[in-house]
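**Student:** Can you keep this structure in mind? I'll have questions shortly.
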Amino acid sequence: MFTNDNKGVKKMEADRVFNRLSEIGIIPVVVLDDARDAEPLGEALMNGGLPAAEVTFRTDAAEESIRIMSAAFPEMMVGAGTVLTIEQVDKAVMAGAGFIVSPGFDPEVVTYCISNGIPVCPGTQTPSEMIAAMKLGIDHMKFFPAEPSGGLPMIKAVTAAITGVKIMPTGGINAANAADYLKCNKVFCVGGSWMVKGELIRSGSFDIIQSKKAEAAAIVKSINENKNEKP
Ligand code: 3PG
């Protein structure tokens with residue numbers, strides 16, 4: 001179903017996506033039980049100043065939510081998260097996902113994405129997984145679950161040796177520690193669910209989500225203003 005076999009164009013698209021995610025800085029990890037929440041959530045995320053979402057394939061509503069969000073907000077970076085299979089990659093991309101995120105490293109899924117020009121950010125936790133991902137051509141990877149797996153000290157230690165990677169830490173990131181991660185020059189963005197918690201979505205508290213997003217946007221803004229101080 002994917003026909004683009006021009007390697008240069010594929011790489012350019014991945015670069016464009018990861019550069020944009022890097023500019024946005026904080027990527028909300030979203031679990032939607034009901035696709036009807038996708039549009040008001042998308043609006044809150046857009047108005048909160050960080051136009052991105054990783055919509056996780058943990059619920060049956062994921063595919064339809066991606067379809068609704070990407071159609072309603074074309075300028076938003078809508079990706080699919082918790083993607084575990086090639087079938088889910090296809091569903092996500094056909095629904096409009098612009099990138100694929102996975103909690104772990106599955107060479108089959110990664111190879112499929114790369115050969116079809118789909119930007120993919122697989123999860124890695126160890127130096128061995130990072131090296132294996134790099135061998136397939138991956139340079140942007142998720143570090144999951146970040147805090148339980150050693151957090152920022154682990155990222156700094158590993159990337160001191162494995163220098164060619166850019167990391168998206170996710171898992172245990174919140175308003176209190178996001179800035180520390182973003183200050184690390186090996187971190188291209190962070191992911192987190194703290195501003196889009198399920199109970200806020202289920203209760204329709206999109207105003208709270210929007211203000212938490214605005215707070216997160218302010219964190220990114222202050223980091224960007226002090227970029228020269230990055231280690
Ligand atoms: C993920 O899938 O990336 C995590 O569930 C997000 O982790 P958090 O809920 O701790 O932010």
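The values are calculated or read from the model by the stated rules, or taken from the named source; none is laboratory data. Please read these numbers as outputs of a predicted model, since none were measured by experiment. Cβ coordinates were reconstructed from backbone atoms using ideal geometry, including for glycine residues, and neighbour counts include every protein chain displayed. SASA here: full protein model, heavy atoms, side chains in, ligands and nucleic acids out. Shrake-Rupley method; radii C 1.70, N 1.55, O 1.52, S 1.80 Å.
**Student:** Take the Cβ-Cβ distance between Asn226 and Arg202 as r, set R0 to 45 Å, and report the resulting FRET efficiency rounded to the nearest 0.05.
**Tutor:** The formula returns an efficiency of 0.75 here.
**Student:** May I ask for log10 I(q)/I(0) of region 9-135 at q = 0.11, 0.14, 0.19, 0.20 Å⁻¹, from a Debye sum over the Cα atoms as equal point scatterers with solvent left out?
**Tutor:** For the requested q values the scattering log ratios are -0.35, -0.56, -1.02, -1.12.
**Student:** Quick check: net charge around Gly204, other residues with Cβ under 14 Å of its Cβ, Lys/Arg +1 and Asp/Glu -1?
**Tutor:** -4
**Student:** Another question about this same structure. Which helices count as membrane-span-like in the chain under these terms: full DSSP H, at least 18 Å along the axis by C-alpha, Kyte-Doolittle mean of -0.5 or more?
**Tutor:** 206-225
**Student:** Checking the table Lys135/Lys212; Lys142/Lys221; Lys186/Lys212; Lys135/Lys197; Lys91/Lys156 against a 31 Å threshold on Cα-Cα, which pairs fail?
**Tutor:** Pairs exceeding 31 Å: Lys135/Lys212; Lys135/Lys197; Lys91/Lys156.
**Student:** Cα extents of the chain along the three principal axes, largest first, in whole Å?
**Tutor:** Largest first, the chain extends 45, 44, 29 Å along its Cα principal axes.
**Student:** What's the center-to-center distance, using Cα atoms, between region 19-35 and region 79-97 in Å?
**Tutor:** Taking the Cα centre of region 79-97 as reference, the centre of region 19-35 is 14 Å away.
**Student:** Semi-axes, largest first, in whole Å: what does sqrt of 5 times each Cα gyration tensor eigenvalue give for region 88-219?
**Tutor:** After diagonalising the Cα gyration tensor, the semi-axes are 26, 21, 11 Å.
**Student:** Pairs of alpha-carbon atoms within less than 8 angstrom and 6+ residues apart define the contacts here; what relative contact order does region 105-159 have, in percent?
**Tutor:** Details: 42 pairs, mean separation 17.8, N = 55.
Relative CO of region 105-159 lands at 32 percent.
**Student:** With every protein chain left in place, what is the accessible area per residue of the chain in square angstrom, probe 1.4 Å?
**Tutor:** I get 44 Å² per residue for the chain.
**Student:** How large, in percent, is the carbon and sulfur part of the accessible surface of region 4-217 at a probe radius of 1.4 Å?
**Tutor:** Numbers: 4730 of 8750 Å².
Heavy-atom surface of region 4-217 belonging to carbon and sulfur, 1.4 Å probe: 54 percent.
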